[in-house]
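These notes are about the structure you will find just below.
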Amino acid sequence: MNGSFSMPRRAGSCVVFWCLLAGASPAIFAETAEPRDAANLVNRWLETSGIDHGVAIVLGCDDARILLALHRTGSFVIHAIDERPERVAELRKAVDAEGLYGRGIMVEQGELARLPFASNLVDLAIAPRLTASDLEGSLPSELLRVLRPRGVAVLGSVRSGDADAPLPAEEALRQSMKKAGAAAVAMAEDRLGRWAIATKPAAAGTDAWSHWEHGPDNNPVSTDARIQAPYLTQWLGEPYYIAMPAITTAAGGRIFIAMGHIAHHEREEPWLNTLLARNGYNGTQLWERKLPDGYLAHRSAFIATEDTFFMIDPSGSGCLLLDPETGEQRDRIHAPGLRGEWKWIALKDGRLFALVGPQKDPAQTTIVRSPYTHWSWGELSAGYYDKRIPWGFGRTLVAIDIAGRSVTWTHTEAESIDSRGIALRDDKLVFYAPDS
């Protein structure tokens, strides 16, 4: 997986999950164990880690029931790797009997000296039979290499039969993972086993692309210091062709792409007026949301932060605050007493700024079905050749204190303000009113 790979869409399907099986350990469950123990164990892993979807690896899983439970319990496709050819054959047979081999679960033979994944790719790593010797090898550093920033490793021992696999001393485990680069290592224990939870730290030197032109100042230059040559593909994911125009924002390891109202070919039509959120490290689709006809994507209608995604309310009035991981609405901001359609938003120093106009933007979804392989501007909206595009104009600017939900100030112009020509920097707001 070093290089690139394609992730399936999460909605209605699975998210890619890798499981590495290594070491000649006894079966995780005795023959007399209840089948529901596998699901209970998987649920405990997901609960302990706080991660229930994305890319994951499991080191030391030795029972096909674990793979099947992972597939049923979470949004996972499982890729199992084991050092023993006989174990690989057994797992393949068990998975194939459920009709899942190649359709959610893959099993391969391999070693753990070098995990076959790109760096900063994995959301969750599980090692249920970790031993002291594992800590002396390359496993800790490999785990931290493949985990994405803020990814979690759950390491420990599953209770099985008459004896538990020995868990390394807590301090040895903590120091080993800390040395490898873990930000924190916590310990937990219950009837299912004993666990250490190690979290990879956030990456230093990264930069968010919070607004449509990077920041509220409309200066499209990133300050990211981590992405260095040579540039390699981290992942590939659908859609390969998108509706236009499109705007991308990114923060907190997530990418949000808003696709607009124009489809040049039939292949782009399913993505008309669509907002799509992905894990930026591995391409896992997190959620998608349809935008109404007339909702212009090509403007500052979206703001991405680490813990909140802001978007102009599709109803036209106010701003929605969404959970960036799930897309669920957490809150809504509006300006009491201010009527009209919101055309533009920006975030700076705890205040939400907005442009409000009296008229609703026109609905103009355009399906071209062009015979050309390239864009044909003549087949697009007449707005591209008229005096101006008929979206995103307003007359009133407003600043709202987010914490207090209070209006700080408003300013109204006699003529329309173009939402594409507004910038915030330091203590100034600059705007363009083409008719003034």
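The values are calculated or read from the model by the stated rules, or taken from the named source; none is laboratory data. Note that the structure is predicted; figures quoted are calculated from it, not measured. Neighbour counts run over all protein chains shown; Cβ positions are idealised from the backbone, glycine included. To get the accessible areas, we keep the full protein, side chains included, count just its heavy atoms, and leave off ligands, DNA and RNA. Shrake-Rupley method; radii C 1.70, N 1.55, O 1.52, S 1.80 Å.
Observations on the model:
- Residues within region 80-117 that are in a loop (DSSP other than H, G, I, E, B) and open to solvent by less than 10 Å² (accessible area, probe 1.4 Å), tallied: 3
- Unmet requirement for T326, which otherwise passes all of (1) of a type in the set (V, I, T); (2) more than 18 Å from the chain's Cα centre (by Cα); (3) farther than 19 Å from I417 by Cβ: (2)
- Qualifying residue in region 89-105 (condition: within 24 Å of E142 (Cα to Cα), out of contact with any helix residue (DSSP H, G or I) (no Cβ under 8 Å at 6 or more places or on another chain) and not aromatic (F, W, Y)): no
- Among the residues of region 267-309, those that are open to solvent by 10 Å² or more (accessible area, probe 1.4 Å) and among the aromatic types (F, W, Y) comprise W271, Y281, W287, Y295.
- Output for region 392-430, where each listed residue is within 16 Å of P216 (Cα to Cα), open to solvent by 70 Å² or more (accessible area, probe 1.4 Å) and touching a strand residue (DSSP E or B) at 6+ places or on another chain (Cβ under 6 Å): V430
- Meets criteria (without any contact (Cβ under 8 Å) to a residue 40 or more places away in the chain and assigned to a loop (DSSP other than H, G, I, E, B)) for S300: no
- Residue in region 356-370 that is open to solvent by 20 Å² or more (accessible area, probe 1.4 Å), modelled with pLDDT of 95 or more and closer than 18 Å to I303 by Cβ present: no
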